[in-house]
Amino acid sequence: MRYSAFAIVREALRGNRHWAPVWRDPAPKPSYDAVIIGGGGHGLATAYYLAKEHGIANVAVLEKGYLGSGNVGRNTTIVRSNYLLPGNVPFYEWSMKLWEGLEQDINYNAMVSQRGVLNLYHSDAQRDAFARRGNAMRLHGVDAELLDRDEVRAMAPFLDFDNGRFPIRGGLLQRRGGTVRHDAVAWGYARAADRRGVDLIQNCEVTGLSIDGGRVVGVETTRGPIRAGKVGMAVAGNSSRVAALAGMRLPIESHVLQAFVSEAVKPVIDTVVTFGAGHFYISQSDKGGLVFGGDIDGYNSYAWRGNLAIVEDVMECAMAVWPGLGRLRVLRHWGGLMDMSMDGSPIIDRTPVDGLYLNAGWCYGGFKATPASGWCFAHLIATGAPHPVAGSFRLDRFATGAVIDEKGAGAQPNLH
């Protein structure tokens, strides 16, 4: 069934009793041309683009829980392409362009809202750094505007511009950035992939990789063995665990990242704002809650629960940039499992095991990268060659020194 205004009216007149299931619930087949491990945004997008762009529909997506139960539904929904380094800018800009046409492509309302992303700066040095980044963006054809204090005040008058420690001097604005409903991204890609014949298999945990003569030939799962011509890993914070099944040790650490939402209020902020003197970012959801987050917890963990020290740090940043937030109550908070790479940039590449492909190391950038990640990973799996916009995301760059250190923090994953 194709969604449309006509379909909504028709089903309303029929009592909404005839909507078809959004996707099938098939049993695993004995073999597939390709198996994607991970039923999150990246895995589902990969399967969709394999079928749509490369004609490979004999594909299974294996998810140990339910579709979208991982990071794709545990983030703060921000999308942007305001990067500095040439290894990152083309990729994230391609992702932004895919976001802009996503709803028409997959026939699903993902609630793409290009409300703008505003990065605040608080010193002359930070202004110069933002000007450099903005110029780099514009050289790559990406929109960027450097705003002064008065222009920022016109956009967000509720901020604390005269804070004694962190006065707001201006900001870098990308108007095409914004937010997207995270759950809808997972559901939309799942429905679109299913319509093209992809099998979405839930409650099917991968427990082993079958390797013969240096080549992957299938996977072992809790629902039995499945043979596969090619296998792609897109499991975010569990990347090291799954790669270990093939005897691989990845240059990745796993850390929990907490996010928060306040009680609902009337519309108060119509853009995304990030604090330049601390790691804090905030926007408002369509239901009225203020959605915000900050730094990862600084220790390695596979848990989805964080500690109170980071909760306190996030709240302190919130009060420093927007004191009025102190009048609101936090409604709930949650955690997602980040796969932090050594240079803060992702990996989309072949592995030393023939036929086994890796999509990992997304750090804070996983959700915004979802469409381009799926597009480029599908291209790699289908052709065996990296897509041009993802050519720098090589696994061996940590050995060759061709790192993409956007933040300049060095080889310490928890600092990216």
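Quick look at the values:
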| quantity | calculated |
| --- | --- |
| Residue within the range 380-403 that is crowded, with 21+ Cβ neighbours inside 10 Å, touching a Gly at 6+ places or on another chain (Cβ under 7 Å) and more than 17 Å from residue 216 (Cβ to Cβ) present | no |
| Given (1) part of a strand (DSSP E or B); (2) over 29 Å from residue 89 (Cα atoms), index of the condition residue 171 fails | (2) |
| Qualifying position, being under 27 Å from residue 222 (Cα atoms) and of a type in the set (Ser, Thr, Tyr), among 92, 66 | 66 |
| Helices (runs of 4 or more DSSP H) within the range 5-123 that include 1 or more residues in the same structural domain as residue 227 (by TED's automatic domain parsing), β-branched (Val, Ile, Thr) and within 30 Å of residue 258 (Cβ to Cβ) | 41-54, 89-106 |
| Every pair of residues 6+ apart whose Cβ atoms lie under 7 Å, when the first sits in the range 254-281 and is of a type in the set (Asp, Glu) while the second is outside any strand (DSSP E or B) | 263/289; 263/328; 263/329; 270/115 |
| Breaking point among (1) in contact (Cβ under 8 Å) with a residue 12 or more places away in the chain; (2) over 19 Å from residue 282 (Cα atoms); (3) surrounded by 13 or more Cβ atoms within 10 Å (Cβ to Cβ), for residue 307 | (1) |
| Residue selected from the range 342-355 under the condition touching a helix residue (DSSP H, G or I) at 6+ places or on another chain (Cβ under 9 Å) and hydrophobic (A, V, I, L, M, F, W, C), by the criterion surrounded by the most Cβ atoms within 10 Å (Cβ to Cβ) | 348 |
| Failed item, numbered, when residue 208 is tested on (1) part of a strand (DSSP E or B); (2) within 30 Å of residue 146 (Cα to Cα) | (2) |
| Flag for residue 325 being of a type outside the set (Lys, Arg), more than 18 Å from the chain's Cα centre (by Cα) and assigned to a strand (DSSP E or B) | no |
| Residues being farther than 18 Å from residue 323 by Cα and surrounded by fewer than 19 Cβ atoms within 10 Å (Cβ to Cβ) - total across the range 150-173 | 2 |
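The values are calculated or read from the model by the stated rules, or taken from the named source; none is laboratory data. The structure displayed is predicted, hence computed values, not measured ones. Cβ sites come from the backbone with ideal geometry, for glycine too, and all protein chains shown count toward neighbours.
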